[in-house]
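Before any comments, here is the structure.
The values are calculated or read from the model by the stated rules, or taken from the named source; none is laboratory data. Just so we're clear, the structure is a prediction, and the values are computed from it rather than from any experiment. Side chains are part of the model used for accessible areas, which takes the heavy atoms of the whole protein and leaves out ligands, DNA and RNA. Shrake-Rupley method; radii C 1.70, N 1.55, O 1.52, S 1.80 Å.
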Amino acid sequence: MNRKTIAACILALGSVFLLVFLVLVISHMIVADRLNEHLTSVPQEERMAMVPGTETIEVPEDMEYADGVTCVSLLYDENGNETGCVIDTVSTGSDGDVIVRVAFDDEDTIAALDVIEHAGLPTNLGYKAALPEFTDQFIGASSITAYSGSVSGRLIKFIDDADYSCAGVYSCVAAAFTQLKEMRLSENEQTTEGGTE
Amino acid sequence: MSRKERFSVFLGGLYRDNPVFTAALGICCSIFMTYDVRNAFLTGVFTALTLVVSDMVISAMKRVIPKQVRIPCHMLLIFGSLTFLQFMLNAYFPMFESGINKYFLPVAVSCLVLGRAEGYAIKNSVINSGVDALGVGIGFTVNLVLIAILRDVLGNGMFFGTPVFSGNVKPVSLFAMAPGVLFISGCICALVKKIAGRKDGGE
């Protein structure tokens, strides 16, 4: 290859790189608002159906999320009384992320739990962590003891061959409980401050 | 080029010259994304979209890219097309709860897109490349959906959630695993070659 050819190759590679980069930057700028809107949007009906008696839903914008929590939605009945909340969480399972949605009722016990996404393929590993025989163990739990792998004093049985994904779901539930605890602490602090004033 | 010739290009991409059937390209997608019919269909559709956009771009730029740096440039252009499509679909079709990125991941590593760019797009016009890519994409989607259905029926004994077998007949779980996919894929390739051979007047 002579110098001219080398220069032409470098120029072509650089031009293609620049072109791709510019197209991507410009297209991202154009759709950035819509992308953010989609990422923070909430499929309300699915979340509202998780706790019976819910009529309206609200996603507080200024809430701080605990580790592993991606979204918190507060649920209300027709009179505006809180019926519970739904906490979306993410953790690591077999072959990828496990996304779990945990719904708490007004007594802070788990009313429903959905494994929204997992990367486990059928017939080998992680998909078993999404089966009701595993997820139903969490229903009705009001506390979690992470070091012993139990909820409300009951030991959670992990499914054979799907331990890693089951651990991912368990971590998600633990993150949801941490978030709930922080929310209640923050509410108590606000109430105390209000009372003092 | 007449409409009939263009249709012939489309049919060629669909099954006769489709690299999925002639060279077993895209087999990794078949293994990883056919455990569910929905996944298989969406992966096929997104692969088809990526194929059409990237092949048309590569065909349009074939004269300005020197042959010595052809492959890195094509990889860059495919990456650009894929990411551009991902942005657009994520922004304008927010119907997928967890986003569509997981359907694009296998496309990114699929040799099918680069294979078709190298095999067809660099030698043909922009429109012909687009038509051929559409045919290849549809052929690939049909192949993935067929594999997913057969995998579910033979391996799990289910057809869209309905049990197929009864009594002592049991599904063969091997079909739901990777070796089963290779076997099913091989059978589909043989069938397509047989049909293509008959249409060409061959064996």
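Largest to smallest in accessible area, the residues A:LYS181, B:LYS193 fall in the order A:LYS181, B:LYS193 (1.4 Å probe, all protein chains included). Given the options B:TYR120, B:TYR92, B:TYR35, which has the most mean-square fluctuation in a GNM of chain B, springs set between C-alpha atoms less than 10 angstrom apart? So, out of B:TYR120, B:TYR92, B:TYR35, the one fluctuating most is B:TYR92. When all protein chains stay in place and ligands, DNA and RNA are ignored, the 1.4 Å accessible-area order of A:GLU58, A:GLU189, largest first, is A:GLU189, A:GLU58. Building the convex hull from the alpha-carbon atoms of region A:146-197 and averaging its projection over directions returns 4.2 nm². Dividing the convex hull volume of the alpha carbon atoms of the protein assembly as shown by its residue count gives 221 Å³ per residue. Among the protein heavy atoms, those of A:SER171 account for about 50 Å² of accessible surface (1.4 Å probe, every chain in place). Of the listed residues A:PHE177, A:PHE104, B:PHE175, the order by accessible area with a 1.4 Å probe, largest first, is B:PHE175, A:PHE177, A:PHE104. Pair-distance distribution of chain A: all C-alpha pairs, bin width 10 Å, starting at 0; shares per bin in whole percent are 8, 27, 26, 16, 10, 7, 4, 1, 0. Taking the Cα atoms of region B:1-93, the ratio Rg/Rh between the radius of gyration and the Kirkwood radius comes to 1.00. Solvent-accessible area per residue in region B:1-108 equals 47 Å², computed with a 1.4 angstrom probe and all protein chains kept.
Global size of region A:39-88: 10.7, 32 Å for Rg and Dmax (C-alpha atoms, Rg to one decimal, Dmax whole).
When chain B is treated as a Gaussian network with alpha carbon springs shorter than 10 Å, the biggest mean-square fluctuation among B:PHE41, B:PHE84, B:PHE140 belongs to B:PHE84.
Relative to the longest principal axis of the Cα atoms of chain A, helix A:3-40 runs at roughly 20 degrees. Counting lysine pairs in the protein assembly as shown that sit 8 or more residues apart in sequence, or on different chains, and whose Cα atoms lie under 18 Å apart gives 5. Pairwise Cα separations in region B:130-203 fall into 5 Å bins from 0 onward with the following percentages, short to long: 3, 16, 18, 19, 17, 12, 9, 5, 2, 0. For region B:136-185, the carbon plus sulfur part of the accessible surface works out to 75%, probe radius 1.4 Å. Starting from a Cα-only point model with no solvent, please compute log10 I(q)/I(0) by Debye for chain B at q = 0.09, 0.10, 0.19 1/Å. The Cα Debye sum returns log10 ratios of -0.37, -0.46, -1.30.
Computed with a 1.4 Å probe on the full set of protein chains, the accessible area for B:MET56 sits at about 70 Å². Shown for chain B are the DSSP H helices of 15 Å or more along their axis, judged by Cα atoms, with a mean Kyte-Doolittle hydropathy of at least 0.5: B:37-60, B:70-92, B:126-150, B:178-199.
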